[in-house]
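Colleague: The structure that follows is given in the form of C-alpha coordinates.
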Amino acid sequence: MTIFLLRHITRRFHLFLDSCSQAILFGIFPLAKGAFSNSFRAHRRQFLSSRITKHTGSPGQKRLVISRHRFYSPFMPGEKKKSHKRLQLWIEAGTLVLLGGCGAFYSQQEVFIYSAWRFWHGKTTFIERPAPKCELAIPEHPAVDSWVSWFSEKNHNGFQIQLDRARFYAVPAQEIFMRRGLPKDLVYVALIESGFSPAARSHAKASGIWQFIPMTGSRFGLAQNKWIDERRHPMKAAKAAADYLSLLFNQFGSWSLALAAYNAGENTVQGALDKSGLNTFWDLMEKGSLPAETRDYVPKVFAAVKITRNPDLYGFRPDSERLIALNETVLVPGGLKLSWVGKQIGVPEKLLEKSNPELCQSITPPGYSKYELRLPIGTGDDLLTALARHPPQEGKPVRKASGSSPASYRVKSGDTLSGIAERHRCSVTALAAINGMKRSQPLKVGRTLKLPAGGPTQPPSKVQSKRGKVSRSTSGSSRKSLPNG
(Lines give C-alpha, C1' and ligand atoms only; values in the text may rest on other atoms or scores of the structure.)
Protein backbone atom coordinates (compact mmCIF):
# COMPACT_ATOMS: atom_id res chain seq x y z
CA MET A 1 0.00 0.00 0.00
CA THR A 2 2.89 2.38 0.83
CA ILE A 3 4.55 1.69 -2.52
CA PHE A 4 1.27 2.38 -4.28
CA LEU A 5 0.91 5.77 -2.53
CA LEU A 6 4.49 6.78 -3.40
CA ARG A 7 3.90 5.91 -7.04
CA HIS A 8 0.67 7.84 -6.97
CA ILE A 9 2.38 10.98 -5.56
CA THR A 10 5.20 10.72 -8.12
CA ARG A 11 2.74 10.56 -10.99
CA ARG A 12 0.86 13.55 -9.64
CA PHE A 13 4.14 15.52 -9.54
CA HIS A 14 4.76 14.68 -13.19
CA LEU A 15 1.32 15.95 -14.02
CA PHE A 16 2.15 19.20 -12.21
CA LEU A 17 5.36 19.63 -14.24
CA ASP A 18 3.45 18.95 -17.41
CA SER A 19 0.93 21.64 -16.53
CA CYS A 20 3.75 24.12 -15.82
CA SER A 21 5.46 23.41 -19.13
CA GLN A 22 2.21 23.88 -21.00
CA ALA A 23 1.61 27.15 -19.17
CA ILE A 24 5.09 28.39 -20.18
CA LEU A 25 4.67 27.29 -23.77
CA PHE A 26 1.14 28.53 -24.38
CA GLY A 27 1.01 31.38 -21.87
CA ILE A 28 4.24 33.06 -20.83
CA PHE A 29 6.15 32.51 -24.06
CA PRO A 30 3.51 34.02 -26.39
CA LEU A 31 3.22 37.01 -24.06
CA ALA A 32 6.99 37.47 -23.97
CA LYS A 33 7.25 37.01 -27.69
CA GLY A 34 4.48 39.52 -28.24
CA ALA A 35 6.17 42.03 -25.93
CA PHE A 36 9.48 41.67 -27.73
CA SER A 37 7.80 41.96 -31.13
CA ASN A 38 6.00 45.13 -30.07
CA SER A 39 9.25 46.56 -28.76
CA PHE A 40 11.03 45.71 -32.02
CA ARG A 41 8.31 47.40 -34.09
CA ALA A 42 8.32 50.53 -31.91
CA HIS A 43 12.12 51.00 -32.17
CA ARG A 44 12.00 50.35 -35.89
CA ARG A 45 9.26 52.91 -36.58
CA GLN A 46 11.03 55.52 -34.46
CA PHE A 47 14.38 54.97 -36.21
CA LEU A 48 12.94 55.07 -39.71
CA SER A 49 10.80 58.13 -39.12
CA SER A 50 13.82 60.09 -37.79
CA ARG A 51 15.88 59.13 -40.84
CA ILE A 52 13.13 60.02 -43.32
CA THR A 53 12.43 63.37 -41.62
CA LYS A 54 16.06 64.51 -41.89
CA HIS A 55 16.39 63.51 -45.53
CA THR A 56 15.52 66.19 -48.11
CA GLY A 57 16.02 64.28 -51.30
CA SER A 58 13.54 63.12 -53.90
CA PRO A 59 10.87 60.52 -53.18
CA GLY A 60 12.95 57.92 -54.95
CA GLN A 61 15.84 58.65 -52.69
CA LYS A 62 13.54 58.48 -49.68
CA ARG A 63 12.47 55.00 -50.73
CA LEU A 64 16.13 54.09 -51.19
CA VAL A 65 16.99 55.26 -47.71
CA ILE A 66 14.04 53.35 -46.27
CA SER A 67 14.96 50.19 -48.11
CA ARG A 68 18.55 50.54 -47.03
CA HIS A 69 17.55 51.00 -43.45
CA ARG A 70 15.21 48.03 -43.69
CA PHE A 71 18.08 45.90 -44.93
CA TYR A 72 21.06 47.22 -43.05
CA SER A 73 19.82 49.16 -40.07
CA PRO A 74 19.22 47.39 -36.77
CA PHE A 75 15.71 47.67 -35.32
CA MET A 76 17.04 47.96 -31.74
CA PRO A 77 20.28 49.16 -30.16
CA GLY A 78 22.96 46.45 -30.29
CA GLU A 79 23.33 45.29 -26.67
CA LYS A 80 19.62 45.39 -25.95
CA LYS A 81 18.89 43.35 -29.02
CA LYS A 82 21.39 40.62 -28.04
CA SER A 83 20.06 40.29 -24.46
CA HIS A 84 16.47 39.99 -25.68
CA LYS A 85 17.51 37.46 -28.26
CA ARG A 86 19.29 35.31 -25.67
CA LEU A 87 16.32 35.46 -23.30
CA GLN A 88 13.94 34.48 -26.06
CA LEU A 89 16.12 31.53 -27.10
CA TRP A 90 16.48 30.31 -23.50
CA ILE A 91 12.72 30.42 -22.96
CA GLU A 92 12.05 28.55 -26.19
CA ALA A 93 14.72 25.89 -25.53
CA GLY A 94 13.68 25.38 -21.88
CA THR A 95 10.03 25.07 -22.83
CA LEU A 96 10.78 22.49 -25.51
CA VAL A 97 12.89 20.43 -23.09
CA LEU A 98 10.24 20.52 -20.37
CA LEU A 99 7.48 19.76 -22.85
CA GLY A 100 9.34 16.80 -24.35
CA GLY A 101 10.32 15.27 -21.00
CA CYS A 102 7.00 15.75 -19.21
CA GLY A 103 5.08 14.71 -22.30
CA ALA A 104 6.95 11.40 -22.30
CA PHE A 105 6.22 10.93 -18.58
CA TYR A 106 2.60 11.79 -19.15
CA SER A 107 2.09 9.35 -22.03
CA GLN A 108 3.59 6.50 -20.00
CA GLN A 109 1.82 7.44 -16.82
CA GLU A 110 -1.62 7.61 -18.40
CA VAL A 111 -1.67 3.91 -19.36
CA PHE A 112 0.21 2.71 -16.31
CA ILE A 113 -1.99 4.44 -13.74
CA TYR A 114 -5.17 2.99 -15.23
CA SER A 115 -3.89 -0.59 -15.29
CA ALA A 116 -2.46 -0.31 -11.76
CA TRP A 117 -5.74 1.10 -10.45
CA ARG A 118 -7.71 -1.74 -12.00
CA PHE A 119 -5.34 -4.34 -10.60
CA TRP A 120 -5.44 -2.88 -7.10
CA HIS A 121 -9.20 -2.37 -7.13
CA GLY A 122 -9.80 -5.85 -8.48
CA LYS A 123 -7.67 -7.49 -5.80
CA THR A 124 -9.73 -5.95 -3.04
CA THR A 125 -13.22 -5.81 -4.49
CA PHE A 126 -13.99 -7.53 -7.78
CA ILE A 127 -12.06 -10.79 -7.48
CA GLU A 128 -13.19 -13.26 -4.83
CA ARG A 129 -10.36 -14.54 -2.72
CA PRO A 130 -9.50 -18.21 -3.13
CA ALA A 131 -11.31 -20.33 -0.55
CA PRO A 132 -11.46 -24.04 0.25
CA LYS A 133 -14.41 -26.12 -0.80
CA CYS A 134 -15.87 -26.16 2.70
CA GLU A 135 -15.99 -22.34 2.91
CA LEU A 136 -18.35 -19.93 1.19
CA ALA A 137 -16.79 -16.44 1.17
CA ILE A 138 -19.07 -13.49 0.36
CA PRO A 139 -17.35 -11.11 -2.11
CA GLU A 140 -17.64 -7.38 -1.48
CA HIS A 141 -19.20 -6.55 -4.83
CA PRO A 142 -21.71 -3.77 -5.65
CA ALA A 143 -24.08 -6.29 -7.25
CA VAL A 144 -24.25 -8.28 -4.00
CA ASP A 145 -24.89 -5.12 -1.98
CA SER A 146 -27.61 -4.08 -4.43
CA TRP A 147 -29.49 -7.35 -3.95
CA VAL A 148 -29.05 -7.18 -0.18
CA SER A 149 -30.73 -3.78 -0.32
CA TRP A 150 -33.49 -5.17 -2.55
CA PHE A 151 -34.28 -8.12 -0.29
CA SER A 152 -34.06 -6.17 2.97
CA GLU A 153 -35.92 -3.04 1.87
CA LYS A 154 -38.04 -3.36 -1.26
CA ASN A 155 -38.95 -7.05 -0.89
CA HIS A 156 -38.70 -7.40 2.88
CA ASN A 157 -42.03 -9.16 3.43
CA GLY A 158 -41.53 -11.64 0.60
CA PHE A 159 -38.06 -12.55 1.82
CA GLN A 160 -39.37 -13.03 5.37
CA ILE A 161 -42.04 -15.45 4.08
CA GLN A 162 -39.36 -17.49 2.34
CA LEU A 163 -37.24 -17.52 5.50
CA ASP A 164 -40.24 -18.79 7.46
CA ARG A 165 -40.78 -21.54 4.90
CA ALA A 166 -37.10 -22.50 5.07
CA ARG A 167 -37.39 -23.60 8.70
CA PHE A 168 -39.02 -26.87 7.59
CA TYR A 169 -36.11 -27.86 5.35
CA ALA A 170 -32.96 -25.82 6.14
CA VAL A 171 -31.50 -27.75 9.08
CA PRO A 172 -31.83 -31.28 7.61
CA ALA A 173 -30.43 -30.02 4.30
CA GLN A 174 -27.50 -28.37 6.08
CA GLU A 175 -26.62 -31.71 7.68
CA ILE A 176 -26.58 -33.29 4.21
CA PHE A 177 -24.28 -30.60 2.84
CA MET A 178 -21.88 -30.73 5.79
CA ARG A 179 -21.59 -34.52 5.55
CA ARG A 180 -20.33 -33.99 2.00
CA GLY A 181 -17.80 -31.37 3.09
CA LEU A 182 -19.74 -28.46 1.60
CA PRO A 183 -20.61 -25.07 3.17
CA LYS A 184 -23.88 -25.37 5.03
CA ASP A 185 -24.96 -21.92 3.80
CA LEU A 186 -25.30 -23.33 0.29
CA VAL A 187 -28.75 -24.57 1.28
CA TYR A 188 -29.97 -21.02 0.66
CA VAL A 189 -29.50 -21.63 -3.04
CA ALA A 190 -32.96 -23.18 -2.64
CA LEU A 191 -34.28 -19.85 -1.37
CA ILE A 192 -33.30 -18.19 -4.65
CA GLU A 193 -34.34 -21.17 -6.76
CA SER A 194 -37.82 -21.72 -5.36
CA GLY A 195 -38.30 -19.85 -2.10
CA PHE A 196 -38.17 -23.32 -0.43
CA SER A 197 -41.41 -24.34 -2.14
CA PRO A 198 -41.54 -28.06 -3.08
CA ALA A 199 -44.38 -27.39 -5.53
CA ALA A 200 -42.44 -24.72 -7.45
CA ARG A 201 -42.23 -25.31 -11.20
CA SER A 202 -40.43 -23.18 -13.77
CA HIS A 203 -41.04 -22.46 -17.45
CA ALA A 204 -38.14 -24.84 -18.25
CA LYS A 205 -40.00 -27.69 -16.46
CA ALA A 206 -37.66 -27.50 -13.49
CA SER A 207 -39.43 -28.72 -10.38
CA GLY A 208 -39.08 -28.83 -6.61
CA ILE A 209 -37.14 -26.89 -4.03
CA TRP A 210 -33.87 -27.31 -5.94
CA GLN A 211 -35.41 -26.80 -9.40
CA PHE A 212 -34.03 -29.82 -11.24
CA ILE A 213 -35.02 -30.23 -14.86
CA PRO A 214 -36.02 -33.81 -15.82
CA MET A 215 -32.68 -34.64 -17.47
CA THR A 216 -30.54 -33.43 -14.55
CA GLY A 217 -32.86 -35.13 -12.06
CA SER A 218 -32.41 -38.47 -13.83
CA ARG A 219 -28.67 -37.85 -14.02
CA PHE A 220 -28.49 -37.71 -10.23
CA GLY A 221 -30.87 -40.62 -9.59
CA LEU A 222 -34.16 -38.82 -8.90
CA ALA A 223 -37.06 -41.06 -9.99
CA GLN A 224 -39.80 -39.52 -12.12
CA ASN A 225 -42.84 -41.54 -13.09
CA LYS A 226 -46.59 -41.76 -12.66
CA TRP A 227 -46.38 -42.33 -8.93
CA ILE A 228 -43.54 -40.15 -7.71
CA ASP A 229 -41.36 -37.22 -8.78
CA GLU A 230 -38.37 -37.25 -6.47
CA ARG A 231 -37.30 -33.81 -7.66
CA ARG A 232 -39.99 -32.60 -5.25
CA HIS A 233 -38.69 -34.75 -2.38
CA PRO A 234 -37.03 -32.21 -0.06
CA MET A 235 -34.23 -34.43 1.24
CA LYS A 236 -33.56 -36.62 -1.81
CA ALA A 237 -33.39 -33.52 -3.99
CA ALA A 238 -31.10 -31.88 -1.42
CA LYS A 239 -28.70 -34.84 -1.69
CA ALA A 240 -28.76 -34.56 -5.48
CA ALA A 241 -28.15 -30.81 -5.27
CA ALA A 242 -25.20 -31.32 -2.92
CA ASP A 243 -23.70 -33.89 -5.31
CA TYR A 244 -24.20 -31.58 -8.28
CA LEU A 245 -22.72 -28.52 -6.58
CA SER A 246 -19.76 -30.56 -5.37
CA LEU A 247 -19.13 -31.75 -8.92
CA LEU A 248 -19.35 -28.18 -10.24
CA PHE A 249 -16.89 -26.86 -7.67
CA ASN A 250 -14.43 -29.61 -8.59
CA GLN A 251 -14.72 -28.55 -12.23
CA PHE A 252 -14.47 -24.76 -11.86
CA GLY A 253 -12.60 -24.28 -8.57
CA SER A 254 -14.76 -21.45 -7.19
CA TRP A 255 -18.26 -21.22 -5.78
CA SER A 256 -19.23 -18.23 -7.93
CA LEU A 257 -18.56 -20.17 -11.12
CA ALA A 258 -20.14 -23.32 -9.63
CA LEU A 259 -23.32 -21.38 -8.81
CA ALA A 260 -23.37 -19.88 -12.30
CA ALA A 261 -23.10 -23.39 -13.75
CA TYR A 262 -25.91 -24.63 -11.47
CA ASN A 263 -28.13 -21.98 -13.04
CA ALA A 264 -26.99 -21.94 -16.67
CA GLY A 265 -25.33 -25.36 -17.02
CA GLU A 266 -21.66 -26.27 -16.92
CA ASN A 267 -21.34 -26.26 -20.71
CA THR A 268 -22.56 -22.66 -20.90
CA VAL A 269 -20.11 -21.44 -18.27
CA GLN A 270 -17.17 -23.42 -19.65
CA GLY A 271 -17.92 -22.11 -23.13
CA ALA A 272 -17.95 -18.51 -21.86
CA LEU A 273 -14.59 -19.02 -20.12
CA ASP A 274 -13.01 -20.57 -23.20
CA LYS A 275 -14.36 -17.95 -25.59
CA SER A 276 -13.50 -14.89 -23.49
CA GLY A 277 -10.21 -16.07 -21.99
CA LEU A 278 -11.35 -14.78 -18.58
CA ASN A 279 -10.99 -16.67 -15.31
CA THR A 280 -13.65 -15.46 -12.85
CA PHE A 281 -17.40 -15.10 -12.78
CA TRP A 282 -17.13 -11.39 -11.98
CA ASP A 283 -15.09 -10.74 -15.14
CA LEU A 284 -17.62 -12.72 -17.18
CA MET A 285 -20.41 -10.71 -15.59
CA GLU A 286 -18.80 -7.34 -16.36
CA LYS A 287 -18.12 -8.35 -19.96
CA GLY A 288 -21.67 -9.73 -20.42
CA SER A 289 -20.43 -13.18 -21.42
CA LEU A 290 -23.17 -15.00 -19.46
CA PRO A 291 -26.98 -14.85 -19.74
CA ALA A 292 -28.60 -11.95 -17.89
CA GLU A 293 -30.44 -14.37 -15.59
CA THR A 294 -27.15 -15.95 -14.51
CA ARG A 295 -25.47 -12.57 -14.03
CA ASP A 296 -28.18 -11.77 -11.47
CA TYR A 297 -28.46 -15.27 -10.02
CA VAL A 298 -25.01 -15.51 -8.41
CA PRO A 299 -25.13 -12.11 -6.62
CA LYS A 300 -28.63 -12.99 -5.40
CA VAL A 301 -27.38 -16.21 -3.79
CA PHE A 302 -24.52 -14.38 -2.09
CA ALA A 303 -26.93 -11.67 -0.92
CA ALA A 304 -29.30 -14.26 0.56
CA VAL A 305 -26.44 -15.96 2.42
CA LYS A 306 -25.17 -12.59 3.68
CA ILE A 307 -28.60 -11.78 5.11
CA THR A 308 -29.15 -15.19 6.71
CA ARG A 309 -25.78 -14.98 8.48
CA ASN A 310 -26.92 -11.84 10.31
CA PRO A 311 -30.70 -11.49 9.85
CA ASP A 312 -31.19 -9.11 12.78
CA LEU A 313 -28.96 -6.55 11.09
CA TYR A 314 -31.36 -6.37 8.15
CA GLY A 315 -34.58 -6.46 10.17
CA PHE A 316 -35.54 -10.12 9.69
CA ARG A 317 -36.82 -12.56 12.29
CA PRO A 318 -34.56 -15.62 12.27
CA ASP A 319 -36.94 -17.67 14.45
CA SER A 320 -34.11 -20.11 15.15
CA GLU A 321 -36.14 -22.05 17.73
CA ARG A 322 -38.51 -23.22 15.00
CA LEU A 323 -35.76 -24.40 12.64
CA ILE A 324 -36.52 -28.02 13.42
CA ALA A 325 -37.95 -30.91 11.44
CA LEU A 326 -41.71 -31.24 11.90
CA ASN A 327 -41.97 -34.70 10.36
CA GLU A 328 -40.81 -38.19 11.16
CA THR A 329 -40.23 -40.99 8.66
CA VAL A 330 -41.98 -44.36 8.79
CA LEU A 331 -41.37 -47.33 6.47
CA VAL A 332 -44.65 -48.45 4.90
CA PRO A 333 -45.55 -50.82 2.04
CA GLY A 334 -46.21 -49.56 -1.47
CA GLY A 335 -49.78 -49.02 -2.64
CA LEU A 336 -50.85 -47.50 0.70
CA LYS A 337 -53.54 -44.86 0.33
CA LEU A 338 -53.02 -41.62 2.21
CA SER A 339 -56.73 -41.41 3.03
CA TRP A 340 -56.47 -44.67 5.00
CA VAL A 341 -53.29 -43.51 6.73
CA GLY A 342 -54.96 -40.25 7.73
CA LYS A 343 -57.88 -42.07 9.31
CA GLN A 344 -55.60 -44.34 11.33
CA ILE A 345 -53.53 -41.51 12.84
CA GLY A 346 -56.17 -38.76 12.90
CA VAL A 347 -54.45 -36.44 10.38
CA PRO A 348 -56.11 -34.79 7.35
CA GLU A 349 -55.15 -36.26 3.99
CA LYS A 350 -54.14 -32.78 2.73
CA LEU A 351 -51.54 -32.51 5.47
CA LEU A 352 -50.07 -35.87 4.48
CA GLU A 353 -49.92 -34.75 0.86
CA LYS A 354 -48.13 -31.57 1.93
CA SER A 355 -45.66 -33.60 3.99
CA ASN A 356 -44.94 -35.88 0.99
CA PRO A 357 -44.86 -33.52 -2.02
CA GLU A 358 -43.04 -36.08 -4.18
CA LEU A 359 -46.17 -38.26 -4.42
CA CYS A 360 -47.98 -37.57 -7.68
CA GLN A 361 -51.07 -39.37 -6.41
CA SER A 362 -52.54 -39.92 -2.95
CA ILE A 363 -50.95 -43.34 -2.65
CA THR A 364 -47.48 -44.66 -1.99
CA PRO A 365 -45.89 -45.98 -5.20
CA PRO A 366 -46.70 -49.65 -5.89
CA GLY A 367 -43.76 -52.01 -6.19
CA TYR A 368 -41.98 -50.80 -3.05
CA SER A 369 -41.66 -53.21 -0.15
CA LYS A 370 -40.64 -50.32 2.11
CA TYR A 371 -41.38 -46.71 1.27
CA GLU A 372 -40.31 -43.80 3.48
CA LEU A 373 -43.50 -41.92 4.30
CA ARG A 374 -43.22 -38.68 6.27
CA LEU A 375 -45.75 -38.13 9.03
CA PRO A 376 -46.29 -35.42 11.64
CA ILE A 377 -44.05 -36.02 14.65
CA GLY A 378 -45.67 -38.33 17.21
CA THR A 379 -47.91 -40.23 14.79
CA GLY A 380 -45.47 -42.84 13.47
CA ASP A 381 -46.13 -45.41 16.20
CA ASP A 382 -49.89 -45.12 15.67
CA LEU A 383 -49.49 -45.98 11.99
CA LEU A 384 -47.22 -48.95 12.68
CA THR A 385 -49.74 -50.27 15.19
CA ALA A 386 -52.56 -49.89 12.66
CA LEU A 387 -50.53 -51.70 9.99
CA ALA A 388 -49.83 -54.57 12.41
CA ARG A 389 -53.52 -54.94 13.30
CA HIS A 390 -54.95 -54.44 9.84
CA PRO A 391 -52.46 -55.34 7.11
CA PRO A 392 -53.47 -53.98 3.68
CA GLN A 393 -55.93 -56.22 1.83
CA GLU A 394 -58.12 -56.09 -1.25
CA GLY A 395 -60.41 -53.09 -1.13
CA LYS A 396 -58.23 -51.52 1.54
CA PRO A 397 -54.93 -49.79 0.96
CA VAL A 398 -53.30 -52.51 -1.07
CA ARG A 399 -50.03 -53.44 -2.59
CA LYS A 400 -49.70 -54.74 -6.10
CA ALA A 401 -50.73 -58.43 -6.30
CA SER A 402 -47.77 -60.46 -5.13
CA GLY A 403 -48.81 -63.76 -6.70
CA SER A 404 -47.88 -62.75 -10.24
CA SER A 405 -44.34 -62.97 -11.48
CA PRO A 406 -42.68 -59.63 -12.10
CA ALA A 407 -41.73 -58.62 -15.63
CA SER A 408 -38.12 -58.87 -16.71
CA TYR A 409 -35.69 -57.14 -19.05
CA ARG A 410 -32.44 -58.36 -20.65
CA VAL A 411 -29.62 -55.80 -20.48
CA LYS A 412 -28.29 -54.62 -23.83
CA SER A 413 -25.11 -52.77 -24.76
CA GLY A 414 -25.28 -49.12 -23.68
CA ASP A 415 -28.06 -49.64 -21.12
CA THR A 416 -27.95 -47.86 -17.78
CA LEU A 417 -30.01 -48.46 -14.68
CA SER A 418 -31.58 -45.01 -14.84
CA GLY A 419 -32.33 -45.43 -18.55
CA ILE A 420 -34.05 -48.78 -18.00
CA ALA A 421 -36.03 -47.36 -15.06
CA GLU A 422 -37.15 -44.40 -17.13
CA ARG A 423 -38.09 -46.60 -20.10
CA HIS A 424 -40.24 -48.88 -17.94
CA ARG A 425 -41.65 -46.08 -15.79
CA CYS A 426 -40.26 -47.24 -12.47
CA SER A 427 -37.96 -45.91 -9.77
CA VAL A 428 -34.21 -46.44 -9.99
CA THR A 429 -34.24 -47.27 -6.28
CA ALA A 430 -37.00 -49.87 -6.72
CA LEU A 431 -35.29 -51.39 -9.76
CA ALA A 432 -31.98 -51.69 -7.92
CA ALA A 433 -33.63 -53.06 -4.77
CA ILE A 434 -35.64 -55.76 -6.52
CA ASN A 435 -32.47 -56.95 -8.27
CA GLY A 436 -30.30 -56.81 -5.14
CA MET A 437 -27.82 -54.30 -6.55
CA LYS A 438 -26.62 -50.78 -5.88
CA ARG A 439 -27.82 -47.82 -7.90
CA SER A 440 -24.28 -47.01 -9.06
CA GLN A 441 -23.41 -50.60 -9.95
CA PRO A 442 -22.55 -51.09 -13.67
CA LEU A 443 -24.73 -53.41 -15.72
CA LYS A 444 -23.50 -56.55 -17.45
CA VAL A 445 -24.73 -57.12 -21.00
CA GLY A 446 -27.07 -60.12 -21.17
CA ARG A 447 -28.15 -59.96 -17.52
CA THR A 448 -31.87 -60.35 -16.88
CA LEU A 449 -33.33 -57.72 -14.57
CA LYS A 450 -36.61 -58.01 -12.72
CA LEU A 451 -38.90 -55.03 -13.16
CA PRO A 452 -41.04 -53.66 -10.30
CA ALA A 453 -44.77 -54.14 -10.69
CA GLY A 454 -46.69 -51.15 -11.96
CA GLY A 455 -49.05 -50.09 -14.70
CA PRO A 456 -48.34 -47.96 -17.75
CA THR A 457 -47.43 -44.39 -16.97
CA GLN A 458 -46.87 -41.06 -18.62
CA PRO A 459 -43.40 -39.98 -19.74
CA PRO A 460 -41.35 -38.39 -16.95
CA SER A 461 -41.35 -34.94 -18.53
CA LYS A 462 -45.15 -34.81 -18.27
CA VAL A 463 -45.39 -35.72 -14.61
CA GLN A 464 -47.84 -33.46 -12.83
CA SER A 465 -49.62 -33.56 -9.54
CA LYS A 466 -53.32 -34.38 -9.42
CA ARG A 467 -53.75 -32.50 -6.21
CA GLY A 468 -54.06 -29.15 -7.88
CA LYS A 469 -52.04 -26.84 -10.06
CA VAL A 470 -48.32 -26.59 -9.48
CA SER A 471 -47.01 -23.14 -8.88
CA ARG A 472 -44.08 -21.53 -10.63
CA SER A 473 -40.94 -20.51 -8.83
CA THR A 474 -41.11 -17.05 -7.36
CA SER A 475 -37.40 -16.50 -6.85
CA GLY A 476 -35.26 -18.77 -8.95
CA SER A 477 -37.27 -19.37 -12.12
CA SER A 478 -38.80 -15.98 -12.78
CA ARG A 479 -35.62 -13.96 -12.41
CA LYS A 480 -35.75 -10.27 -11.66
CA SER A 481 -33.37 -7.83 -13.25
CA LEU A 482 -30.78 -6.09 -11.12
CA PRO A 483 -32.48 -3.32 -9.11
CA ASN A 484 -31.48 0.23 -9.80
CA GLY A 485 -29.76 1.79 -6.86
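The values are calculated or read from the model by the stated rules, or taken from the named source; none is laboratory data. Every value quoted in this text rests on a predicted model; they were computed, and no experiment measured them. Positions of Cβ are generated from backbone atoms using ideal geometry, with glycine treated the same way; all protein chains shown enter the neighbour counts. Ligands, DNA and RNA are stripped out before the accessible areas are found, and what is left, the full protein with its side chains, is counted by its heavy atoms. Shrake-Rupley method; radii C 1.70, N 1.55, O 1.52, S 1.80 Å.
Colleague: Sort the following peptides by mean Cβ neighbour count (other Cβ atoms within 10 Å, averaged over residues), highest first: 269-276, 428-435.
Modeller: 428-435, 269-276
Colleague: Quick one: of Lys184/Lys236; Lys154/Lys306; Lys205/Lys412; Lys226/Lys300, which pairs are farther than 27 Å apart, Cα to Cα?
Modeller: Over 27 Å apart, Cα to Cα: Lys205/Lys412; Lys226/Lys300.
Colleague: Can you order the peptides 343-353, 190-200, 159-169 by their average number of other Cβ atoms within 10 Å per residue, highest first?
Modeller: 190-200, 159-169, 343-353
Colleague: Next question, about the same structure. Probe radius 1.4 Å, ligands and nucleic acids ignored: give me the carbon and sulfur share of the accessible area of segment 287-358 as a rounded percent.
Modeller: Of all accessible area on segment 287-358, carbon and sulfur atoms account for 52 percent.
Colleague: Still on this structure: Run the accessible area of segment 181-240 with a 1.4 Å probe and give the carbon-and-sulfur part as a rounded percent.
Modeller: Ligands and nucleic acids excluded, carbon and sulfur reach 59 percent.
Colleague: Follow-up. Assuming a ≥ b ≥ c are the square roots of the Cα gyration tensor eigenvalues, decide whether segment 174-316 counts as rounded (a/c under 1.5), prolate (otherwise, with a/b larger than b/c) or oblate.
Modeller: Oblate, because a/c is 1.5 or more while a/b does not exceed b/c.
Colleague: Let me ask something additional. At a probe size of 1.4 Å, how large is the accessible area of Lys306, to the nearest 10 Å²?
Modeller: Roll a 1.4 Å probe over it and Lys306 shows about 50 Å².
Colleague: For segment 304-392, run through the chymotrypsin sites (Phe, Trp or Tyr not before Pro) and keep only the ones in DSSP coil with at most 16 other Cβ atoms within 10 Å of their Cβ.
Modeller: none
Colleague: Under a point spin-label approximation (7 Å from Cα along Cα-to-Cβ), what is the Leu278-Glu293 distance to one decimal in nm?
Modeller: For the pair Leu278/Glu293, the computed spacing is 2.0 nm.
Colleague: Is the shape of segment 149-223 rounded, prolate or oblate, going by the alpha carbon gyration tensor and its root eigenvalues a ≥ b ≥ c, with a/c under 1.5 for rounded and a/b larger than b/c for prolate?
Modeller: oblate
Colleague: Which value in nm describes the separation of the simple spin-label points at Ala131 and Met437, placed 7 Å from the Cα toward the beta carbon?
Modeller: 4.1
Colleague: Got a number for the accessible area of Cys134? Probe 1.4 Å, square angstrom, nearest 10.
Modeller: 90
Colleague: Roll a 1.4 Å probe over the protein chains and send me the accessible area per residue for segment 209-332 in Å².
Modeller: In whole numbers, segment 209-332 has 40 Å² accessible per residue.
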